[in-house]
Structure formats: structure tokens, C-alpha cells
Amino acid sequence: MRGGKRDTMGNFLRKAGTELRQLPLMLGKLLGGLAAVIGIGMASWVATHGKDGDVWLPFLAGVAGLAVFVVSARRLTRRAAAAKAPPSSPGEMKRSNFLAWLLLLLLLVVFLLCIKLFLQLTGTRQLLAPKSVTISESESQCQR
């Protein structure tokens, strides 16, 4: 009985150690995804908001975040293979990769919707639908 408990506790400690070694890569993946969402979202906001602003800095931050996300995901995959984790089928790997990308895109959409809501609440012009301009009759007569 005692050997069985010790073996179970050993497996638990081994799994906990493996998870702790993967934690920096998981955090890198999370922060990379957030940087990608915020950077690309901010670049689109600056580009469509109409104010003079540098679009390249937030865009490059978003691209860098995307690169960190991809590199962390690949290193996690390699580390899992090196730890001799039970091999997952190609279908399971595709599903987990699809889920990660879907979550990244979902965060981007949520961030863009938050920007749109913020712009509407603060009374600034709309992000997606610019205001229409009407020319009064007196201005049209002056142009003739």
C-alpha cells in the first residue's frame, strides 16, 4: 500500500515539475498573444481614427507579439515531445492549434469592439462609419 502511494505522489511531483518548467513558455504565449491583439488593434485604431499618428510602432509591436506567440507555441510542442508525453494524434494537434488561433482572433475582435465602444461613449467620431458631410445650399451656390 505504501509503495503505491509513494508512486502516485512521485508521479504527481514529476507532473508538477513538468508543468512548472512549461510555465515561462505558457506565459510567453499569453503575453505574445496579448501584445499581438493590442498592437494590431491599436494600429488599426490609429489608422482609422484620422489623427496624425505613427501606425508602424503599434503594428510592429503586434507583429512582434505574434512572433513570440508562435515561437512559444513551437517550443512548448518540442518540450512536450522531449518530455516523452503520450503522442497525440494529428487531429488533436490540429484541434489545439485551431483553438489557440481562434482565441487569439477572439481577443482581437473583443479589443476592437472595446475601442469602438470607448469612442462612442466619449463622443468622438465613429471608428467604422465616418460622419457624412452635407453641403448647404449657400455653400453650393458659392462654388458655382
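The values are calculated or read from the model by the stated rules, or taken from the named source; none is laboratory data. In this text the structure is predicted, and so the values were computed from the model without any measurement. Note: ideal-geometry Cβ built from the backbone for every residue, glycine included; neighbour counts use all protein chains shown.
Applying the condition of being in contact (Cβ under 8 Å) with a residue 12 or more places away in the chain and surrounded by fewer than 19 Cβ atoms within 10 Å (Cβ to Cβ) to segment 31-55 and asking which residue is farthest from LEU106 (Cα to Cα) yields GLY50. Given the conditions (1) modelled with pLDDT of 90 or more; (2) out of contact with any Gly (no Cβ under 9 Å at 6 or more places or on another chain), report the number of the one that GLY33 does not fulfil. With respect to (1) modelled with pLDDT of 90 or more; (2) out of contact with any Gly (no Cβ under 9 Å at 6 or more places or on another chain), GLY33 is out only on (2).
With respect to the conditions (1) at pLDDT 60 or above; (2) over 30 Å from ALA43 (Cβ atoms); (3) not small (Gly, Ala, Ser), PHE118 lacks only one, and its number is (2).
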